[in-house]
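First comes the structure, then the notes that go with it.
The values are calculated or read from the model by the stated rules, or taken from the named source; none is laboratory data. Computed from a prediction, not measured in an experiment: that's the story for all the values here. Glycine gets a Cβ as well: all are built from the backbone with ideal geometry, and neighbour counts include every protein chain shown. Just so you know, the surface numbers come from the protein's heavy atoms only, side chains and all, with ligands and any DNA or RNA stripped out. Shrake-Rupley method; radii C 1.70, N 1.55, O 1.52, S 1.80 Å.
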Amino acid sequence: MNSYPDRQKVVDDLGEKFLDAFVASVDKARADLEEFRDFRPEWFVNFSKRFVAGFIHERIWDSMLRTADQGDIHFKDDEPTREIHIGTNYVVRIKRHTDNLKITSYPTTGALAFWTNSATAQLPDLELWSLAMGYIWNPEEAAIGDAILSFRDSKDTPIWSILLHSGQSGQATGITWTPVDPQLPQLDLSDVVATSEDTVEGS
């Protein structure tokens, strides 16, 4: 039987500084998307969903590089795969989440292995856990929602998910989180967010 990490332990291990930087990066990407939309609305309406997802990923990634690449946090940019390694126990991919917590990922051998979090073959304190960090996508408004952190035992099986919140304007008032209700409407919105995992692994 698998033993999964407690969500509070993961939050504590990732640390307030890293999580603050991530929430700020999602906020920045949200503002950048709106600025882009306002700049050329006639362009924006015809952009593909893949392009928009890629743009958001680029803005989050760029912001994280500027604010969180230090200490035991390391960025791996080996196209098409992008990952953030935190210490020796966590590796993050930036992912768009649907309302029912789906993420997109081409079912390659590497992707299937990445999203299979199993402690049965890992030694205590030496586990390497894969995390999805990103945002909830509102397809009706084409807008970025809350920052989210999810832990999965396969791409389509979230074990737990939490919404991340921090102080306004980057104030260090502490990270708080809210568990996501697992009984969300089971709508298949995968066609809405059919982004390319090969273009940017983690969109």
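Points worth noting:
- Residues of segment 63-80 classified as buried (at least 19 other Cβ atoms within 10 Å of the Cβ) and either over 13 Å from the mean Cα position of the chain (by Cα) or among the basic types (Lys, Arg) (or both), total: 3
- Filtered residue count, segment 132-145, keeping only those that are free of Cβ contacts under 8 Å to residues at least 40 places away in the same chain and part of a strand (DSSP E or B): 3
- Residue 55 under 21 Å from residue 137 (Cα atoms), of a type in the set (A, V, I, L, M, F, W, C), under 16 Å from the mean Cα position of the chain (by Cα) and open to solvent by less than 20 Å² (accessible area, probe 1.4 Å): no
- Test for residue 7: is it of a type in the set (D, E, K, R), under 24 Å from residue 157 (Cα atoms) and touching a strand residue (DSSP E or B) at 6+ places or on another chain (Cβ under 7 Å): yes
- The criterion of being in contact with a Pro (Cβ under 7 Å, 6 or more places away or on another chain) and open to solvent by 50 Å² or more (accessible area, probe 1.4 Å) holds for residue 99.
- Criterion applied to 12, 20, 32 was being free of Cβ contacts under 8 Å to residues at least 12 places away in the same chain and among the acidic types (Asp, Glu), and the one residue passing it is 12.
- Matching entry among 86, 60, 103 (being modelled with pLDDT of 95 or more, under 11 Å from the mean Cα position of the chain (by Cα) and within 20 Å of residue 150 (Cα to Cα)): 60
- Pair list, Cβ < 8 Å and 6+ apart or interchain, from segment 80-94 residues that are without any contact (Cβ under 8 Å) to a residue 40 or more places away in the chain and within 15 Å of residue 126 (Cβ to Cβ) to residues that are of a type in the set (Val, Ile, Thr) and part of a strand (DSSP E or B): 85/73; 85/91; 85/92
- Qualifying residue in segment 81-95 (condition: among the acidic types (Asp, Glu) and buried (at least 17 other Cβ atoms within 10 Å of the Cβ)): yes
- Residue check for residue 30: open to solvent by 60 Å² or more (accessible area, probe 1.4 Å) and in contact with a strand residue (DSSP E or B) (Cβ under 8 Å, 6 or more places away or on another chain): yes
- Filter pass, residue 110 being among the small types (Gly, Ala, Ser), under 23 Å from residue 178 (Cβ atoms) and either at pLDDT 90 or above or not in a strand (DSSP E or B) (or both): no
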